[in-house]
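Written below as structure tokens is the structure these notes are about.
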There are 2 protein chains.
Amino acid sequence: MEYTVQVRMNEKLFLRDPESSELGRRIVRQSIMLIADIGFEEMTFRKLADRINTKEASIYRYFENKHRLLVYLIAWYWQWLEYQVIFHTNNLTDPREKLDRILKILLLKNIPQPSFSLGADAIDVSALHSIVIREASKAYLTHHVTEDNRQQLFKPYKDLCGRVAGIILEYRPDYPYARSRASSIIETAHYQAYFMQYLPSLTDFGVQRDVLPSGEDRLLEFLRHLLFSSLNAPLHELPPVHTKR
Amino acid sequence: MEYTVQVRMNEKLFLRDPESSELGRRIVRQSIMLIADIGFEEMTFRKLADRINTKEASIYRYFENKHRLLVYLIAWYWQWLEYQVIFHTNNLTDPREKLDRILKILLLKNIPQPSFSLGADAIDVSALHSIVIREASKAYLTHHVTEDNRQQLFKPYKDLCGRVAGIILEYRPDYPYARSRASSIIETAHYQAYFMQYLPSLTDFGVQRDVLPSGEDRLLEFLRHLLFSSLNAPLHELPPVHTKR
DNA sequence: TTGCAGATGATAGTATTACTATCAATGATA
DNA sequence: TATCATTGATAGTAATACTATCATCTGCAA
């Protein structure tokens, strides 16, 4: 039962395809470890080069700059995640179950990880997940969003949101906010996980070990509650307090 | 009817209180304009100094570094926002109306702006609001969150969330996710506004002018829908699909 | 075997940034 | 008038984010 998830990336994301060479793969794998370790701002191509016994200039042959590398990693994650969504919802008919699975996938729960068994050459999805939580917003919160967007750099994220929005519409065909609902639940999953860990007073789930249910489980329940309460709500049941017109 | 909102800031946020001098106030006011203009990453103390006819070194006498200045601005905004919440919900008894007001305040809608009338020396809250949308997460998504948090730098945000959570509990005393609900709705308000403007396909509200209701109004309706559907939902009506135990 | 191409190594260099240090000028205060 | 705090003015440093150049190595095709 050997298979690999083939992720074909947008060519605008790199100068030379890092998956096409040993060095390129090391750059990607090790940058994930390094960023997960010290954070994106503190990561430099020099440190990365030292870590993988190459030179700064060689890394620049693969990635135009630091930011593009980040965007590449994030894009890879979204494509991987969309694949997981497809894979784990394919056999389901009930859109409600599909949505429930998606929430679990978003928290990286209960996913049999093919990549995890591929040995030293595998991408550490779990480390990448923690990068996405901490750094993903830096990929689009820039002065040059519009230009980056024009180059389709955020397409994987949009595709994922689009797919989730589609399943939302399967569940509730007349739901008028499918896309916003999808992007909101994804973002919420991530920064609530961040808050849980670093600013726990902004959440209702601590990070204490040995408490059941764990923070992660409570976060999952919260996300379920948010998502399904909105999708089940009668629309326009709740008029604005003052209807100015 | 002359009054000023006195905002007393945490002393850890600055080296010398910028509100205590003319230069300090110019640094704060003009940094807002500059960051709103070119973005936080592109802003440098040199550019800021040139703009206000002072020297880089003088700015460093007020703020330890660029990041602290950002944290200061964001903190100021949250304190200002909490004040607005207090002010505009004080006279209300119905917690539902209070929450509705809060959503409007979050989008900076329908707030009679005292600061706007204070002339050249006033903080441009509207510009600051756009900075908060684009840059606020950079204030806490750092390698040194924990240390910054220990210095209470994020207290204004926590206080605001705490206050909103309190009102949520007025509305629904048994709601188990008040704090997460509060932080989620605030974050959602902001990045949905961002997506609406820069990555509109992630939302259901365009930015086209001359369409009624406008994107902003639809965003407000979306937030209302999200918030009240979750607060009105019967809890545990929605058990997980598989209840593993 | 030669020769050539593509990838990498090795070294150097540049502009900018983020910050620090120093001292002189200024202006208010005691 | 002395002094004290603030700012101006200038200089400098270490690190960063790149770019340029050329040598070396490794297949591989003729």
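Laid out as a table, the results:
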read-out	value
Lone unmet requirement of (1) within 14 Å of chain B (Cβ to nearest Cβ); (2) more than 16 Å from DNA strand C (Cβ to nearest atom) for residue A:9	(1)
Residues being farther than 22 Å from residue B:200 by Cβ, of a type outside the set (S, T, N, Q) and within 10 Å of chain B (Cβ to nearest Cβ) - total across segment A:173-212	9
From B:60, B:77, residue being closer than 22 Å to residue B:157 by Cβ and aromatic (Phe, Trp, Tyr)	B:77
Any chance residue B:62 is within 9 Å of DNA strand D (Cβ to nearest atom), among the aromatic types (Phe, Trp, Tyr), surrounded by 18 or more Cβ atoms within 10 Å (Cβ to Cβ) and more than 14 Å from chain A (Cβ to nearest Cβ)	yes
Sole residue being surrounded by fewer than 18 Cβ atoms within 10 Å (Cβ to Cβ) and either among the acidic types (Asp, Glu) or assigned to a loop (DSSP other than H, G, I, E, B) (or both), chosen from A:135, A:187, A:170	A:170
Number of positions in segment A:99-129 that are of a type in the set (S, T, N, Q) and at pLDDT below 70	3
Qualifying positions in segment B:190-217 - open to solvent by 10 Å² or more (accessible area, probe 1.4 Å) and modelled with pLDDT of 95 or more	B:190, B:191, B:193, B:196, B:197, B:198, B:200, B:201, B:204
Conditions (1) over 22 Å from residue B:160 (Cβ atoms); (2) within 7 Å of chain B (Cβ to nearest Cβ); (3) open to solvent by less than 10 Å² (accessible area, probe 1.4 Å): number failed by residue A:165	(2)
Residue within segment A:69-79 that is away from chain B (no Cβ under 14 Å), within 12 Å of DNA strand D (Cβ to nearest atom), touching a residue at least 24 places away in the same chain (Cβ under 8 Å) and surrounded by 18 or more Cβ atoms within 10 Å (Cβ to Cβ) present	yes
Scope segment B:15-41; condition within 14 Å of chain A (Cβ to nearest Cβ) and within 14 Å of DNA strand D (Cβ to nearest atom); matching residues	B:41
Close pairs from segment B:169-193: first at negative phi, partner of a type in the set (A, V, I, L, M) and at pLDDT below 95, Cβ under 7 Å, at least 6 apart	B:176/B:235
Every residue from segment B:80-96 that is free of Cβ contacts under 8 Å to residues at least 40 places away in the same chain and open to solvent by 50 Å² or more (accessible area, probe 1.4 Å)	B:87, B:90, B:91, B:93, B:94
Output for segment A:138-162, where each listed residue is in contact (Cβ under 8 Å) with a residue 12 or more places away in the chain, more than 9 Å from every other protein chain (Cβ to nearest Cβ), open to solvent by 30 Å² or more (accessible area, probe 1.4 Å) and part of a helix (DSSP H, G or I)	A:155, A:159
Any pair with Cβ under 6 angstrom, 6 or more apart, that starts in segment B:29-50 at a residue that is under 15 Å from residue B:67 (Cα atoms) and ends at one that is open to solvent by 60 Å² or more (accessible area, probe 1.4 Å) and of a type outside the set (D, E, K, R)	B:39/A:143; B:42/A:143
Any hit, segment A:98-106, residues being part of a helix (DSSP H, G or I), β-branched (Val, Ile, Thr) and surrounded by fewer than 17 Cβ atoms within 10 Å (Cβ to Cβ)	no
Selection within segment A:30-57 - open to solvent by 20 Å² or more (accessible area, probe 1.4 Å), assigned to a helix (DSSP H, G or I) and within 14 Å of DNA strand C (Cβ to nearest atom)	A:30, A:46, A:50, A:51, A:56, A:57
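The values are calculated or read from the model by the stated rules, or taken from the named source; none is laboratory data. Source: prediction; values computed, not measured. Ideal geometry is used to build each Cβ from the backbone, glycine not excepted, and the neighbour counts take in all protein chains shown. Just the protein is used for accessible areas: all its heavy atoms, side chains included, with ligands, DNA and RNA removed. Shrake-Rupley method; radii C 1.70, N 1.55, O 1.52, S 1.80 Å.
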